[in-house]
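Colleague: One structure follows; several queries about it will come next.
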Amino acid sequence: NTNTTTTNTSSSTTVEEDRESACSAVVELQRLNKQIRQLEMQREQLLCSAQKASHDHERDHPLVAKEQKDWSARFQDICAAISSAQSTDAGHFRWQQINMELLDLSQDFIHTAKTYGRIIIMERYLHRKTIFPLDLGGTAGGDKYLVSNILFKFAVNSNGVYGNDEAAAKVAGHELKGLMGYWNCGIEQLNVPLMALVDFLGFRLIAMSILPIDRSTIVYGTDDCGRTVHCKPPYDKVMASAGQSLNLKSHLCGSVSQGKYLSSAADVEGHLGHDGKFYLIDFARTFPPTAPDRTHFNGHLYQLFRPEFVKYHHVPLCSDAFSGFLRNDPLCRQHNAEVREATQHLLAHNVPRLASALSEVVESALESGQLDQLYLSEHFHLQGVNMRYIGQVLRHTVHRPTAALLLLEAISRVVKAELRQALREEMIRLKVPLMAPYRRLIVRLLNRVFGGDDDSDPDHQQKVSAYWDQCIIPKLKSKFGINAFTPSAVLLMNRAESAASSSAGENPHTDASSSPQNGHPPPKRSNLSSSRGGLNSARKPKSLVLLENIGFDAVGKQLDGVQHCRDLLMVHFPRSNVTGRYLVLSSLRYRTGIHFSPATTAALRSAKVMTAPFDILDLSDILPRTKHTALITNAEGIFYQMKATSAGHDTASVLRKALERFKLALVSNPTNTDTLLNAAQTMVRLLELEYSSGKNMSNLKFAVDDPLVREAMTYFERAIACARGTRDPTSTLQYAKFLVRCGELERAEDYFLKSTEVSPNDDTVLRAYGYFLQERGMEHEALEILHRAQWCARLKYMDAAEKTTEADQSPE
């Protein structure tokens, strides 16, 4: 009985404990349910607030009222607004507002492309990915990804079409260049996607906004390697107009019986989107190839002419030259022959002209101390010359500083290619998304490039020499043909000039070394010195002795000695206070997204010789680098222009930022009239600040011999040349006003007259010319011009009033 009683008592205790535990669980569940309801209410409130904020944003910003990630629709709306503003609201608030909207869009797109592009590249060789590739067709491209309405495509040699990944990256660059070429045509019916290139750890991605198209919407070109060619009206006329603007030749593509005449490369596809708009995609072969170089596999796919050369060449050129798309064209041989002739013309005329122009540009940059702000590629592109012809330009170069800069530019491009290839190979080997190994690789490679001699460490010295001997020097020859120079291309002072310069007041050109060589006049006194002692050093610097030997005979010899080329990094440009190695590093930073500490950068700018300039801690960051259209870079410049007009800013500093963006836009698009004019006007404002010192700017006069004034003149003249054939007098009118302030009255009158020839009934042009004549004392002529301006203004007002009345009376 006692045992039974004990058992019952234990059971009762257990039941009570279970009951209490159940009650506690119910209370806890009720508490959690209450918290969940509170969280749901907070969530509903947040959603309502977000929806209200979204509606308010759409009401306040009607141009970007569409979904933020609908990149294409937003871009097309802004492009349409830009087209209408160029003819009606140029220079007014609406134009500035549109540029701000373009800047907002581009910043959103580029940030998204960078964010996802970095993830895609880092996970390229992982089996378990965050973002998976899609099968979207295509034969030449790499893996494709679709994230946030952006299509990402690897620019790699996946199917062996291009020979190597470096060539595939060039093809991606041509995609962007071709897109900008068609956009510059200014054809209202022609639409292009929003595009950017993302470079990170040696890989390149093409990021493009998704368009409302599919395989059923193609109406122009071919998407199956020429088996089916589309050329439906009226889009054939749109493309013919674009081809005429780009100076591209019409040609037969496809079979003899069913072929079509196209005014573009056959694989440039035109689609009639589901929204009713005509879109172009696949721009890689927009421009014709140069004559094939047999040393480059399938070079006709990526060794193309510059758009500036094609546009101003005396005959149209065929984009499909030397390709299989011409196999049934009866004029195939003629198309290929015209491209060969154009290549010869480029080398025989444009290259020598570029060499001469570069010498003047470099000398001006040396005088103004702005050598580190000089973009050589802009001047190459302005003359229609590709950067791969650096060696050809060097053969025509007499000016020593220019020759030095050309070699440094070639070295920086070779090092960039070597660095990207090494990073790709390291990622293939590791297959993990870690940054430390890549940081060590970058530091190790750059120390071999920039490291100096160290007699106490023969192993390091041997590695550095071997790297230059086996990698840099051969690539200079294979990529740029740099293996021989004429004697006049000696880069630095020779022994006689160096000795003469060590004596105060002695003329350095009295030596026999300054006599003409090979029919060339003696070069000017060089603005170069060696960072190892300078020209006034008692002991001749090693770099001066070695760089003399870079002047070879015309027969052509291999660069005789690694040390000769390495010492070029130690060349010092006194007025700009930079060394060759600093210019090479600046170029690498711009092209690779690698950032070093300010102390390291300053050390390379100085004359200090360092065995291993870089340490792992000096590498501050490795960031994805984006390359986008000049349209966006120009919008960034306009933003800074606008910011400079508002109070509370350092106006000169902001204007310099604007000028920097305009110059950067001109690197890839050097013939854009708007960008050139923006750059010129920004320079005028900077000159006003410099000359005024806070005084009245309206009566300022500029000195013609000022290098900055001459640079502003150059931008005005380039804008006028590019606007030739249009009916826009803005460039010539602005230049005429600037010449008045420079005291160049005769030239100013010439440009006023040119403005009236371009637009004879423009009251603004006539009024400005009339006031100019008044200031020169020509009262009678000025009165006639001003009366005519008044009459033209009255006609314009009456015309505008009539159009307003018609719009008011017309039914909705």
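Colleague: So residue 579 passes all but one of these: (1) crowded, with 17+ Cβ neighbours inside 10 Å; (2) out of contact with any His (no Cβ under 7 Å at 6 or more places or on another chain); (3) at pLDDT 80 or above. Which condition number does it fail?
Modeller: All conditions are met except number (2).
Colleague: Pairs needed: first member in segment 590-603, closer than 16 Å to residue 450 by Cα and among the aromatic types (Phe, Trp, Tyr); second member anywhere, in a helix (DSSP H, G or I) and open to solvent by less than 70 Å² (accessible area, probe 1.4 Å); C-beta distance under 7 Å; at least 6 residues apart or different chains.
Modeller: 596/618
Colleague: Scan segment 299-310 and give yes if some residue there is part of a loop (DSSP other than H, G, I, E, B), modelled with pLDDT under 95 and over 14 Å from residue 285 (Cα atoms), otherwise no.
Modeller: No.
Colleague: How about segment 282-301: which of its residues are more than 29 Å from residue 721 (Cα to Cα) and open to solvent by 20 Å² or more (accessible area, probe 1.4 Å)? First the steps, then the outcome.
Modeller: So the first thing to find is which residues in segment 282-301 are more than 29 Å from residue 721 (Cα to Cα), and the list is 282, 292-301.
282, 292, 293, 294, 295, 296, 297, 298, 300, 301 - these are the residues of segment 282-301 that are more than 29 Å from residue 721 (Cα to Cα) and open to solvent by 20 Å² or more (accessible area, probe 1.4 Å).
Colleague: Take the residues in segment 624-651 that are under 17 Å from the mean Cα position of the chain (by Cα) and in a loop (DSSP other than H, G, I, E, B), then tell me which one is modelled with the lowest pLDDT.
Modeller: So, considering only residues that are under 17 Å from the mean Cα position of the chain (by Cα) and in a loop (DSSP other than H, G, I, E, B), the one modelled with the lowest pLDDT is 629.
Colleague: I would also like to ask the following. Do the conditions hold for residue 348, that is, is it free of Cβ contacts under 8 Å to residues at least 12 places away in the same chain and either assigned to a loop (DSSP other than H, G, I, E, B) or under 27 Å from residue 478 (Cβ atoms) (or both)?
Modeller: yes
Colleague: Filter segment 582-601 down to residues that are under 21 Å from residue 366 (Cβ atoms) and among the small types (Gly, Ala, Ser) and give me whichever is least open to solvent (accessible area, probe 1.4 Å).
Modeller: So, considering only residues that are under 21 Å from residue 366 (Cβ atoms) and among the small types (Gly, Ala, Ser), the one least open to solvent (accessible area, probe 1.4 Å) is 587.
Colleague: When segment 628-648 is examined, which residues are found to be surrounded by fewer than 16 Cβ atoms within 10 Å (Cβ to Cβ) and charged (D, E, K, R)?
Modeller: Passing the criteria: only 643.
Colleague: Given the options 397, 402, name the one that is in a helix (DSSP H, G or I) and either open to solvent by 40 Å² or more (accessible area, probe 1.4 Å) or out of contact with any Gly (no Cβ under 9 Å at 6 or more places or on another chain) (or both).
Modeller: Going through 397, 402 in turn, just one is in a helix (DSSP H, G or I) and either open to solvent by 40 Å² or more (accessible area, probe 1.4 Å) or out of contact with any Gly (no Cβ under 9 Å at 6 or more places or on another chain) (or both): 402.
Colleague: Here is a follow-up. Take the residues in segment 427-441 that are closer than 17 Å to residue 616 by Cα and either open to solvent by 80 Å² or more (accessible area, probe 1.4 Å) or in a helix (DSSP H, G or I) (or both), then tell me which one is modelled with the lowest pLDDT.
Modeller: Checking each candidate, the answer is 434.
Colleague: Which pairs do you get when a residue that is under 14 Å from residue 750 (Cα atoms), found in segment 761-774, comes within reach of a residue that is part of a loop (DSSP other than H, G, I, E, B), reach meaning Cβ atoms under 6 angstrom, with the pair 6+ apart or on two chains?
Modeller: From segment 761-774, the pairs are 765/729; 765/759.
Colleague: Within segment 409-421, how many residues turn out to be open to solvent by 10 Å² or more (accessible area, probe 1.4 Å) and farther than 10 Å from residue 390 by Cβ?
Modeller: Looking only at that region, the number is 5.
Colleague: Being out of contact with any helix residue (DSSP H, G or I) (no Cβ under 9 Å at 6 or more places or on another chain), surrounded by fewer than 19 Cβ atoms within 10 Å (Cβ to Cβ), free of Cβ contacts under 8 Å to residues at least 24 places away in the same chain and of a type outside the set (Lys, Arg), is that true of even one residue in segment 312-330?
Modeller: Checked against the condition, which is being out of contact with any helix residue (DSSP H, G or I) (no Cβ under 9 Å at 6 or more places or on another chain), surrounded by fewer than 19 Cβ atoms within 10 Å (Cβ to Cβ), free of Cβ contacts under 8 Å to residues at least 24 places away in the same chain and of a type outside the set (Lys, Arg), segment 312-330 yields no hits at all.
Colleague: Restricting attention to segment 588-601, and to residues there that are part of a helix (DSSP H, G or I) and of a type in the set (A, V, I, L, M), which single residue is nearest to residue 204 (Cα to Cα)?
Modeller: Within segment 588-601, the subset part of a helix (DSSP H, G or I) is 588-592, 598-601.
Then drop every residue that is not of a type in the set (A, V, I, L, M), which leaves 588, 599.
On the way: 588: 16, 599: 30 Å.
It comes out as 588.
Colleague: Got at least one residue in segment 150-164 being more than 15 Å from residue 303 (Cα to Cα), assigned to a helix (DSSP H, G or I) and not hydroxyl-bearing (Ser, Thr, Tyr)? Even if it seems obvious, please write down each step before you answer.
Modeller: Start the filter on segment 150-164 by keeping residues that are more than 15 Å from residue 303 (Cα to Cα), which leaves 150-160.
Next cut, assigned to a helix (DSSP H, G or I) only: none.
The answer is no, given that none of the residues of segment 150-164 is more than 15 Å from residue 303 (Cα to Cα), assigned to a helix (DSSP H, G or I) and not hydroxyl-bearing (Ser, Thr, Tyr).
Colleague: State whether one or more residues within segment 678-690 are open to solvent by 20 Å² or more (accessible area, probe 1.4 Å) and within 30 Å of residue 568 (Cα to Cα).
Modeller: Checking segment 678-690: not a single residue is open to solvent by 20 Å² or more (accessible area, probe 1.4 Å) and within 30 Å of residue 568 (Cα to Cα).
Colleague: Could you go through segment 136-145 and let me know if any residue there is touching a residue at least 24 places away in the same chain (Cβ under 8 Å), touching a helix residue (DSSP H, G or I) at 6+ places or on another chain (Cβ under 6 Å) and either buried (at least 19 other Cβ atoms within 10 Å of the Cβ) or closer than 27 Å to residue 442 by Cβ (or both).
Modeller: Yes, some residue in segment 136-145 is touching a residue at least 24 places away in the same chain (Cβ under 8 Å), touching a helix residue (DSSP H, G or I) at 6+ places or on another chain (Cβ under 6 Å) and either buried (at least 19 other Cβ atoms within 10 Å of the Cβ) or closer than 27 Å to residue 442 by Cβ (or both).
Colleague: Take segment 712-738 and flag every residue that is surrounded by fewer than 22 Cβ atoms within 10 Å (Cβ to Cβ) and either at pLDDT below 90 or farther than 23 Å from residue 670 by Cα (or both).
Modeller: Listed by number, the residues that qualify are 721, 722, 723, 724, 725, 726, 727, 728, 737.
Yes or no, residue by residue, for (1) crowded, with 22+ Cβ neighbours inside 10 Å; (2) part of a helix (DSSP H, G or I):
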{"site": "196", "(1), (2)": "yes, no"}
{"site": "204", "(1), (2)": "yes, no"}
{"site": "224", "(1), (2)": "no, no"}
{"site": "236", "(1), (2)": "no, yes"}
{"site": "258", "(1), (2)": "no, no"}
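Colleague: Among the residues of segment 85-103, are any modelled with pLDDT of 90 or more, open to solvent by 20 Å² or more (accessible area, probe 1.4 Å), over 20 Å from residue 183 (Cβ atoms) and within 24 Å of the chain's Cα centre (by Cα)?
Modeller: Within segment 85-103 (the criterion being modelled with pLDDT of 90 or more, open to solvent by 20 Å² or more (accessible area, probe 1.4 Å), over 20 Å from residue 183 (Cβ atoms) and within 24 Å of the chain's Cα centre (by Cα)), the answer is no, since none of the residues qualifies.
For (1) modelled with pLDDT of 95 or more; (2) within 27 Å of the chain's Cα centre (by Cα), each residue gets a yes or a no:
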{"site": "207", "(1), (2)": "yes, yes"}
{"site": "220", "(1), (2)": "yes, no"}
{"site": "234", "(1), (2)": "no, no"}
{"site": "239", "(1), (2)": "yes, yes"}
{"site": "243", "(1), (2)": "yes, yes"}
{"site": "247", "(1), (2)": "yes, yes"}
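Colleague: A further question follows. Out of the residues in segment 602-611 meeting the condition of being assigned to a loop (DSSP other than H, G, I, E, B) and in contact with a Lys or Arg (Cβ under 9 Å, 6 or more places away or on another chain), tell me which one is surrounded by the fewest Cβ atoms within 10 Å (Cβ to Cβ).
Modeller: 609
Colleague: I've got another one for you. Write out, first by first residue and then by second, each pair whose Cβ atoms fall under 6 Å of each other, whose residues are 6+ apart or on separate chains, and whose first residue, in segment 784-796, is in a helix (DSSP H, G or I) while the second is aliphatic (A, V, I, L, M).
Modeller: If the second residue must be aliphatic (A, V, I, L, M), the pairs left are 785/766; 788/766; 789/766.
Colleague: Return a yes/no flag: does segment 649-662 have any residue that is open to solvent by 30 Å² or more (accessible area, probe 1.4 Å), closer than 18 Å to residue 731 by Cβ and of a type in the set (Val, Ile, Thr).
Modeller: no
Colleague: Residue 173 is checked against (1) surrounded by 16 or more Cβ atoms within 10 Å (Cβ to Cβ); (2) under 24 Å from residue 277 (Cα atoms) and fails just one. What number does that condition carry?
Modeller: Against the list (1) surrounded by 16 or more Cβ atoms within 10 Å (Cβ to Cβ); (2) under 24 Å from residue 277 (Cα atoms), residue 173 comes up short only on (2).
Colleague: Additional query: If you scan segment 94-135, which residues turn out to be assigned to a helix (DSSP H, G or I), more than 30 Å from residue 640 (Cα to Cα) and without any contact (Cβ under 8 Å) to a residue 40 or more places away in the chain?
Modeller: 119
Colleague: Turning to a different aspect of this structure: Would you point out the residue of segment 442-480, among those that are open to solvent by 70 Å² or more (accessible area, probe 1.4 Å) and charged (D, E, K, R), that is modelled with the lowest pLDDT?
Modeller: By that ranking, first place goes to 455.
Colleague: Let me ask something else about it. Please work out if residue 776 is modelled with pLDDT of 90 or more and under 19 Å from residue 702 (Cβ atoms).
Modeller: Working: modelled with pLDDT of 90 or more: no; under 19 Å from residue 702 (Cβ atoms): yes.
Considered against the rule, which asks whether it is modelled with pLDDT of 90 or more and under 19 Å from residue 702 (Cβ atoms), residue 776 comes out as no.
The values are calculated or read from the model by the stated rules, or taken from the named source; none is laboratory data. Worth saying up front: this structure is predicted, and the values here are computed from it rather than measured. Please note: Cβ atoms are built from the backbone with ideal geometry, for glycine as well, and neighbour counts cover all protein chains shown. Please note that ligands, DNA and RNA were not included when accessible areas were found on the heavy atoms of the full protein model with its side chains. Shrake-Rupley method; radii C 1.70, N 1.55, O 1.52, S 1.80 Å.
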